[in-house]
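Shown next, in structure tokens, is the structure this report addresses.
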Amino acid sequence: MNKLKPILAQLNKFPRIALIVIGLFVALGTFAPWLAPQDPSAQNLLTASQGPSVAHWLGTDHLGRDTLSRLILAANTSLVSVGSVLIIAMTIGILMGTIAGYHRGWVDDLLMRVVDVGLSIPSLITALAVIGIVGPGYWTMVLALALAWWPMSGRISRAVAVSIMSKPHIEALRVLGASPWRIYFGHLLPGTIGAVMVYATADAGTAALAVATLSFLGLGIQPPTPEWGQMLVDALPYLESDPRQVILPGLALTAAVIGFNILGEAIALNRVPRPLTRRMLAMRRTEVAGWSKENSDA
Amino acid sequence: MIHFISKRLKHSLVLLFLASVVCFTLVVSAPGNVAVLIAELRGAVAVPGYVAQVEEEIGLNKPLLMRYVDWLGDAVTGDFGISYRTGQAVSADLPQRMMVTGTLIAGSAVIATLLSLLLGFLGAFWPYKLPDRVSRGLALIGASTPTFFVGALMIYGFSVTFQLFPSFGFNGPISWVLPWLTVAVLPAAVLSRVVRVGLEEAMTSPYVLTAKSKGLGRTAILFREALPNITPVFINALGTQVGLMTATGIIVEPLFAWQGVGDYFLAGVRFRDFMVVQACLLIFLSFFIVVNLIVDLAVLMTDPRIRRQWS
Amino acid sequence: MHDEPLLSVSNLTVDLLTAKSAIRPVDGVSYTVRQGECLAIVGESGSGKTVMNFAPLGLMPTGVTTQLSGSVRFDGHELIGLSEPELQHIRGKSIGFIFQDPMSALNPVRRIGRQIAEMAELHLNMTPRAAEARALELVKLVGISDPAARLRQYPHELSGGLRQRIVIATALAGEPKLLIADEPTTALDVTVQAQILRLLKDLQKRLNMAMVLITHDMGVVAGAADNIVVMYAARTAERGPVDKVLVTPRHPYTRGLINAIPRREDPIGSEFRGLPGIPPTLGAPIKGCAFAPRCDLAIPACTGSRPPLVQSVDSSVVVACPVVNQGRAAA
């Protein structure tokens, strides 16, 4: 229990709404198969393109599949693929970043130049180029996105690694003759991973957008696996007659991304002082009111 | 000034060279034998010796370096080879496509700039008050909504429900509105935060206290003191966003049935038409490099501190 | 009417409320400045001397809420309780400000000429062309060579001393009656400090302005000011004419400050005489004398209640020290 406390204290610093949305997304994603009320891929053309009913709370799509179940399952698809992308991207990024931060010199210059180039090309273009060469598929998508994503975590982990390496206790360890391996695995790597994880979480929203975008273009998650972007593009031809099927997956995805973006904004350092909230102001006023005022002048 | 421009130009040329190498290697390293692919396309893969003939035709049997030089020489003159899918020259309708994509990006950049300045100033003028909350909320939603969803909503709202604008085609300004708006949403959201945060940071700086001590009002301080200070930052961010618009174009062009470079690139990716992918990629990368060059020059014009370093 | 001082501050208390804490950087301070006079306000950093002058005029950083009480009368008008637009009208026009750091006080991306001229446009209703001419005049007035060229330059192209001259020219552009200079020489090279100080003094005499000179440097005070207020931890320790306070300092803190000035007869390499200890951090008002913990004369009575300001032998000097004032408090 004691170990939980600092984690909870950390969480308390972030906006509650962001935590709720992200929590909901992760919970839905994890337990989707048990939460979905119906089989998401069971087709029934007799009940196709229907509005909300007792049987189908959010209606059905053009093939008669239950929209609610598909939306829930899509959270699972999204969570798994975003998780895979981020884990692979972070592994590459942290590895490159810590190596650059540990070695400095030309290794650092070279790696960071690669990172700069990677960051200057929109991730969608990088990912599409890879898919165009290798051919579409689930793992191609994951790898292509990871390839487009690692420069960001590479840059962050390099910055963290450099600051860790310049700390006095690392210098002391070196003087004491600790092996490079011990410094790298014992101190540099654990410290960097922790810091990069936080940024990576905030970046999960953009990754979810990328997965959905590739699926929308037909180059990511392939049917029949439900995915928000792909559900949206499937329903697009019926936009005029059944806009609900387009809007629902769009809203679900937007909500998840908003959650991550609020978190990201909270994490980004806020250098500008904010004016007091009304409650704080009242508190300070009563504090000051208790102070005596006396005229010291004779 | 001249020194800076010549240095920046040299830098850009190096980057262009690197970009061409990347594009070339990407296609060379593609799995599978291209000659077989073309032979298949032409329905002659079974003909003995035909694959070797194709290899000869597209220069596959030459050394890599020679192939690169040939390819680059052709690319510079606007010849991007033969499409594996259609068998026609890749460059056939490229100028037209570049014009379409250029229209999309230019219009969206203007809309995004105006919209973000409006939202950012609203927020900075009444910080933490209602206009600021609204502007912040809009920015958050704009930055979080996937572009394809924005496009779908635009079509549903302005084309299906209200029938104000056509939902597809590239026929004059009326048909440009929806694609422009769709592409502009994300950059407008991001840039409005740049303006808002930049202005607020500028408003806490010592020279603003000086301006206040001079008796200037809040409006005058925002426009005369803070705005010139965030201009270089804004131009930099705008440059990044304009670069990103090429990626957004890939989604938006097919959605509105525009035949632009993004649409071409996507088709190339879909049908694994390497020559098209390569050509579009080279165009995109060159575009980023040119945009960066323009941004650097614009920053140089707007920031006297940097200007002095180079004069 | 001629007898009323231009600026008269009485029993001013300032409370600053921030998200993290509430502090009282100015606690019941009074002083007056007459036309053509220069008042020096001396104290260590954090003694509230800057807040005291800036807060009543609405010049506080964002994110801080200011609560004022007491009275600040300027040119026959009460400043406390004025709205922001009313204060804005006074700033620049009637009161000019000079800031500590000329490096950051000027807008880096605007031409110097504009930054001066806009003052004349705003406060003297001049046309842009007339304002430019006035800017040129002012730049000549503050002793800058090649004035026309300077007006076209940007702040970063000038040295610190030149920039401070520009800041002074800007402050003068609205023809103020009072000049508030917040540590105008602190951020400058030693050689330039004296020049700027002489310029300020000269301008004050020539334009017959009142001046409040905020500084932590006793050396600056000696040549420039008529009267002095010594601040310690938000309160006045001693107040009086400069020639009296500097010659016979009464408050132990004033004595310590004067003692800390390096002297010519000090042997080279001799130890720097500073005041022992550190000033208290500002927060809630301190019960007794704030200086007691650092004072070598302190007696138990010092920590009991706040020492009142009492007239000393010379009636023009007031001191807040129970030890020095022993027996006088009752009188």
Residue among C:PRO241, C:PRO267, C:PRO61 with the largest mean-square fluctuation in a Gaussian network model of chain C, springs linking Cα atoms under 10 Å: C:PRO267
field: Solvent-accessible area of C:ARG111 with every protein chain in place, 1.4 Å probe, in Å² to the nearest 10
entry: 110
- prompt: So how much accessible surface do A and B hide from each other in total, probe 1.4 Å, in square angstrom to the nearest 100?
  reply: 3500
task: Beyond 26 Å between alpha-carbons counts as too far, so tell me which of C:LYS140/C:LYS205; C:LYS49/C:LYS201; C:LYS93/C:LYS244 fall in that bin.
output: C:LYS93/C:LYS244
- prompt: Chains B and C: how much accessible area gets covered up at their contact, both sides added, probe 1.4 Å, in Å² to the nearest hundred?
  reply: 2200
- request: Using a Gaussian network model of chain C whose springs link C-alpha atoms within less than 10 Å, name the residue from C:ASP217, C:ASP226, C:ASP146 with the highest mean-square fluctuation.
  value: C:ASP146
- prompt: In Å² (nearest 100), what accessible area is buried between A and C, both sides summed, heavy protein atoms only, 1.4 Å probe?
  reply: 1900
query: Largest first, how would C:LYS287, C:LYS20 line up by accessible area (1.4 Å probe)?
result: C:LYS20, C:LYS287
statement: With x for Gly and Pro, the residue-by-residue ³J(HN,Hα) of the stretch B:279-295, computed from phi through the Karplus equation 6.51 cos²θ - 1.76 cosθ + 1.60 at θ = phi - 60° and given in whole Hz, is 4, 5, 4, 5, 5, 4, 4, 4, 4, 4, 5, 5, 4, 4, 4, 5, 4
statement: Accessible-area loss of at least 10 Å² (1.4 Å probe, chain alone to full protein assembly) applies in the stretch B:103-147 to B:TYR128, B:ARG136, B:LEU140, B:ILE141, B:ALA143, B:SER144, B:THR145, B:PRO146
task: Would you jot down the residues in the stretch A:103-150 that end up with at least 30 Å² less accessible area in the complete protein assembly than in the chain alone, with a 1.4 Å probe?
output: A:ILE121, A:PRO122, A:LEU124, A:ILE125, A:LEU128, A:ALA129, A:GLY132, A:ILE133
query: Under a Cβ-Cβ cut-off of 14 Å, what is the net charge of the residues other than B:HIS3 that fall near it, where Lys and Arg count +1 and Asp and Glu count -1?
result: +4
query: Out of residues 5 or more away from C:GLY304 or on other chains, whose amide H comes under 5 Å of its own, with H placed 1.01 Å from N in the peptide plane?
result: C:CYS289
task: Taking the Cβ of A:LEU248 as the centre, find all other residues whose Cβ is under 15 Å away and add up their charges (Lys, Arg: +1; Asp, Glu: -1).
output: -2
query: Just the accessible area for A:MET283, please: 1.4 Å probe, Å², rounded to the nearest 10?
result: 100
message: Running a GNM on chain C with Cα contacts under 10 Å, which residue among C:VAL318, C:VAL51, C:VAL192 ends up with the highest mean-square fluctuation?
response: C:VAL192
- request: Return the long-range amide H neighbours of C:ALA40 (sequence gap of 5 or more, or a different chain), with a cut-off of under 5 Å between placed amide H atoms.
  value: C:LEU213, C:ASP226, C:ASN227, C:ILE228, C:VAL229
query: Ignoring ligands, DNA and RNA, how do C:ASP101, C:ASP296, C:ASP243, A:ASP66 rank by accessible area with a 1.4 Å probe, largest first?
result: C:ASP296, C:ASP243, C:ASP101, A:ASP66
message: Give me a comma-separated list of calculated 3J(HN,Hα) values for the stretch C:211-217, in order, Karplus coefficients 6.51, -1.76, 1.60 applied at θ = phi - 60°, integers in Hz, x for any Gly or Pro.
response: 9, 10, 10, 8, 7, 10, 10
task: Provide the net charge surrounding C:GLY161, with neighbours chosen by a C-beta distance below 14 Å and charges set as Lys +1, Arg +1, Asp -1, Glu -1.
output: +1
- prompt: Quick one: helix B:94-125 against the long Cα principal axis of chain B, what's the angle to the nearest 10°, folded into 0 to 90?
  reply: 20
query: Between the stretch B:3-67 and the stretch B:103-164, how many Å separate their Cα centres?
result: 42
statement: Of every hundred units of 1.4 Å-probe accessible area on the protein assembly as shown, the number belonging to carbon and sulfur atoms, as a percent, is 64
message: From the protein chains alone at 1.4 Å, what is the descending order of accessible area for B:VAL277, C:VAL247, largest first?
response: C:VAL247, B:VAL277
message: What number comes out for accessible area per residue over the stretch B:95-260 if the probe is 1.4 Å? Units Å², please.
response: 38
query: For chain C, what is the convex hull volume of the alpha-carbon atoms per residue, in Å³?
result: 160
query: Just how far, in whole angstrom, is the stretch C:264-320 from the stretch B:234-284 if you go by their alpha carbon centroids?
result: 73
message: Charges at C-beta only: +1 for Lys and Arg, -1 for Asp and Glu. How large is the resulting dipole of chain B about its Cα centre, in Debye rounded to 20?
response: 1440
query: For the stretch C:115-123, what does the Karplus curve 6.51 cos²θ - 1.76 cosθ + 1.60, with θ = phi - 60°, yield as ³J(HN,Hα) per residue in whole Hz, taken in order and with x for Gly and Pro?
result: 5, 7, 5, 5, 5, 5, 5, 6, 9
Theoretical ellipticity at 222 nm over the protein assembly as shown - DSSP helices of four or more residues, -39500 (n - 2.57) apiece, nearest 500: -18500 deg cm²/dmol
task: Calculate, for B:LEU60 and A:HIS103, the FRET efficiency according to 1/(1 + (r/R0)^6) with r their C-beta to C-beta distance and R0 45 Å; round to the nearest 0.05.
output: 0.70
statement: Measure of exposure for B:HIS11: accessible area at 1.4 Å probe, Å² rounded to 10, is 100
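The values are calculated or read from the model by the stated rules, or taken from the named source; none is laboratory data. Computed from a predicted model, the values in this text were never measured in an experiment. When we count neighbours, we look across all protein chains shown, and the Cβ atoms used for this are built from the backbone with ideal geometry, even at glycine. Calculation scope for accessible area: heavy atoms of the full protein, side chains included, ligands and nucleic acids excluded. Shrake-Rupley method; radii C 1.70, N 1.55, O 1.52, S 1.80 Å.
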